[in-house]
Amino acid sequence: MLEIAQRQPIRWLRRSGLLVLLVVLALLPLLAARGDGDGMVNNSTLFSLTQMLMLVTLASNWNFVSGLTGYIDFGHVAFFGLGAYATGILMSKAGWPFLPTLAVGALSAGAAAVLIGRATMHLKGPYFSIAMLGTFAALREIARVARPLTGGGPGLTLPPYLNRPLFYYLALGQAVLVVALYRWVRRTEFGLMMLGIREDEPGAEMRGVNTIFVKTSAFGLAALSSGIVGGMWAYQNTFIDPDIVFLDSRTIDMAIASVLGGLGTIIGPVIGAGLLYWLRDVVWASFLQWHLIVQGLLLIGIMLVLPNGIIGLLGDRSGLDPRRIWARRRKR
Amino acid sequence: MNRRPPCAANASPLLEGRGIGKSFGGLAALAGVDVAVYPGDVVGLIGPNGSGKTTLFNCLTRLDGLDAGRIHFKGVDITDHQPFQVARMGMSRTFQNIRVYRKLTVIENMLLSRQWRGARWPGLLRPSRPEVTERADDLLEFVTLVEQRVDLAGSLSWGQQRLLEIGMALMSDPDLILLDEATSGVNPLLVDAIRDRIMTLNTTHGKTIVLIEHNIELVADLCSRVVVLDHGEKLADGEVGAVLDDPAVSEAYFGRRGLNG
Ligand SMILES: Nc1ncnc2c1ncn2[C@@H]1O[C@H](COP(=O)(O)OP(=O)(O)OP(=O)(O)O)[C@@H](O)[C@H]1O
Ligand SMILES: [Mg+2]
């Protein structure tokens, strides 16, 4: 009891800290609007924050599958790509407005993940990872070849729309919603089943868990969200081609952010994505030529010191410590 | 011992396997084994190391695919079922090399083993219902793990993990429980606890139980019937006293040495 009482202020601090952070994030664009482009927060800061928020969402999606069910997906950018191409094709070729294309992108990415998952999620460990790497490479080639539809290698140009605050708010809104959704799912029976699959899949199956259903549903949900990010990214970038959309380093960023923050935790990928962006800015500014090497070394160093990510350092599993979730004892 | 009387032979079996065959490469782990388990039975499955006992459990729970034979459970042909479907029909088991979710808490292990039959999307998108949690707590009391409720399962002693597995196997309120060496590697005090629990399950709760066990004393104590496997073949099957006195059985099991030394 005492222990729980002592934790109360920590939880309160964390909650109010989160609230302050959200308010600041929500007000940032107003500062940018007043700063005429050269204040502390200008349009390019807003752009880079938007990219960071998109990575928060992508990393959370990746972690939802790979961190919670243990299926390490090396090709997750495939679903981002499907969303980007849905928006790109429908806006540039069919003249659709933006928002409905997001829905189409989300649904096609989600449906593709369920189908691909049915085929690849019997594969264990590295075999699944490689199969997803293959899936992503195949999709990139399809985008290159299906020229009449996708514009092929030269790509597609979308109607330009340079409203940075709008994209910022969309990315922020999605990130908040997705993290809240995953946090909630993690606490349900479905979330428990996902963890069971990660810990011992045949064991879970023999205890009545329909593992293929749980895995593919989780995969579909994550892919759906990545499809939305892809659509937003395509529109704000106003141009897509196979190489900038199906970019393998984007998957790697999702993985790094998750592992850096704390694989399998909910808040870990958020912290990891933020840290990765900050690290990149600092390193890039100070080691122009060597920034990739320095960044790589720094990441290796951090992982050696903090094998459980930043969350591990805090000695708490982001409010997700199962001891606390299930600690409510039955009243007698 | 106040053991239930074995069921009349003309009752229909709860579980029936016919001609079960399973090979690994060239090795026939099971070569056409017939088994029948009747409601209310406690059946001992014994045999030397490598005789195919665990493989038989794996086939019955549909973890391993069969090379030959059919399996019926509650009158339904489950040969082509998925393991989770068999579990939902009311067959649960424990494992020789313990399979608990080591990085989850004891209570989470229990909640995750509940009866999932009829649990559907989106009903799964809520925390465990109070009646499930309550059942888990009752069973933790039954397997004497109340104190360890929020410890990680991996931090329990080997014997406690065995008890946890028994608790998990009971969460789904199964009709048939398969126990694979539930007492091996367990300290003698806990062996007695496990023996007690198995007895209570059968006599008080009417569960049908099959247990793989190397401890012959325990088999003689608990079981009404014994099946003996040797090199993937059924060597004997019958009333416990008769089977244990059979010279062919003691020869297979203990080499030249007889059962009594
Ligand atoms: N997955 C597998 N791959 C290859 N061979 C296997 C496999 N599982 C079991 N075997 C082999 O099948 C035979 C039967 O093994 P099984 O585990 O069923 O024996 P057991 O009667 O349970 O023995 P023990 O008393 O040692 O647990 C053994 O020879 C074993 O080596
Ligand atoms: Mg065995």
Residues being within 15 Å of ligand 1 (Cβ to nearest atom), open to solvent by 30 Å² or more (accessible area, probe 1.4 Å) and away from chain A (no Cβ under 14 Å) - total across region B:49-68
4
Considering only residues that are part of a helix (DSSP H, G or I) and either within 9 Å of another protein chain (Cβ to nearest Cβ) or not acidic (Asp, Glu) (or both), look in region B:119-132 and name the one that is least open to solvent (accessible area, probe 1.4 Å).
B:Val132
Scanning region B:165-182 for residues that are open to solvent by less than 10 Å² (accessible area, probe 1.4 Å) and within 15 Å of ligand 1 (Cβ to nearest atom) gives B:Leu178, B:Leu179, B:Asp180, B:Ala182
Test result for B:Trp116, in a loop (DSSP other than H, G, I, E, B), farther than 19 Å from A:Gly70 by Cβ, open to solvent by less than 10 Å² (accessible area, probe 1.4 Å) and at the interface with another protein chain (Cβ under 8 Å from one of its Cβ atoms):
yes
Can you list the helices (runs of 4 or more DSSP H) found entirely within region A:145-235 that contain at least 3 residues being within 22 Å of A:Ala103 (Cα to Cα) and modelled with pLDDT of 95 or more?
A:164-186
Hey, can you tell me all the residues within region B:177-213 that are within 14 Å of chain A (Cβ to nearest Cβ) and within 16 Å of ligand 2 (Cβ to nearest atom)?
B:Leu178, B:Leu179, B:Asp180
For region B:81-99, which positions are under 19 Å from B:Val33 (Cβ atoms) and open to solvent by 60 Å² or more (accessible area, probe 1.4 Å)?
B:Gln96
Criterion (of a type in the set (Gly, Ala, Ser) and crowded, with 22+ Cβ neighbours inside 10 Å) met by exactly one of A:Ala113, A:Ala131, A:Ala146, A:Ala119
A:Ala113
Criterion: within 12 Å of ligand 1 (Cβ to nearest atom), of a type in the set (Val, Ile, Thr) and open to solvent by less than 40 Å² (accessible area, probe 1.4 Å) - qualifying residue of B:Ile46, B:Ile71:
B:Ile46
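Yes/no matrix, rows are residues, columns are (1) in a strand (DSSP E or B); (2) more than 14 Å from ligand 2 (Cβ to nearest atom):
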site	(1), (2)
B:Arg18	yes, yes
B:Ala31	yes, yes
B:Gly40	no, yes
B:Pro48	no, no
B:Thr54	no, no
B:Arg62	no, yes
Residues that are in a helix (DSSP H, G or I) and either open to solvent by less than 90 Å² (accessible area, probe 1.4 Å) or at pLDDT 80 or above (or both), drawn from region A:305-332:
A:Gly309, A:Ile310, A:Ile311, A:Gly312, A:Pro322, A:Arg324, A:Ile325
With respect to the numbered conditions (1) open to solvent by less than 40 Å² (accessible area, probe 1.4 Å); (2) touching a helix residue (DSSP H, G or I) at 6+ places or on another chain (Cβ under 9 Å); (3) over 21 Å from B:Asn49 (Cα atoms), which one is the sole condition not fulfilled by B:Gly206?
(2)
Considering only region A:197-209, state which residues are within 22 Å of the chain's Cα centre (by Cα) and crowded, with 22+ Cβ neighbours inside 10 Å.
A:Ile197
Looking at region B:223-242 only, could you name the residues that are buried (at least 22 other Cβ atoms within 10 Å of the Cβ) and away from ligand 1 (no atom under 13 Å from the Cβ)?
B:Cys223, B:Val226
Taking region B:133-150 as the region of interest, how many residues are β-branched (Val, Ile, Thr), buried (at least 17 other Cβ atoms within 10 Å of the Cβ) and facing another protein chain (nearest Cβ under 10 Å)?
2
Kindly indicate which of B:Thr144, B:Thr94 is hydroxyl-bearing (Ser, Thr, Tyr), in contact (Cβ under 8 Å) with a residue 60 or more places away in the chain and either closer than 22 Å to B:Ile194 by Cα or within 16 Å of ligand 2 (Cβ to nearest atom) (or both).
B:Thr94
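The values are calculated or read from the model by the stated rules, or taken from the named source; none is laboratory data. Model, not experiment: these values are computed from the prediction. Counting neighbours? That spans all protein chains shown, and the Cβs are built from the backbone with ideal geometry, glycine included. These area figures cover heavy atoms from the full protein model, side chains too; ligands, DNA and RNA do not enter into them. Shrake-Rupley method; radii C 1.70, N 1.55, O 1.52, S 1.80 Å.
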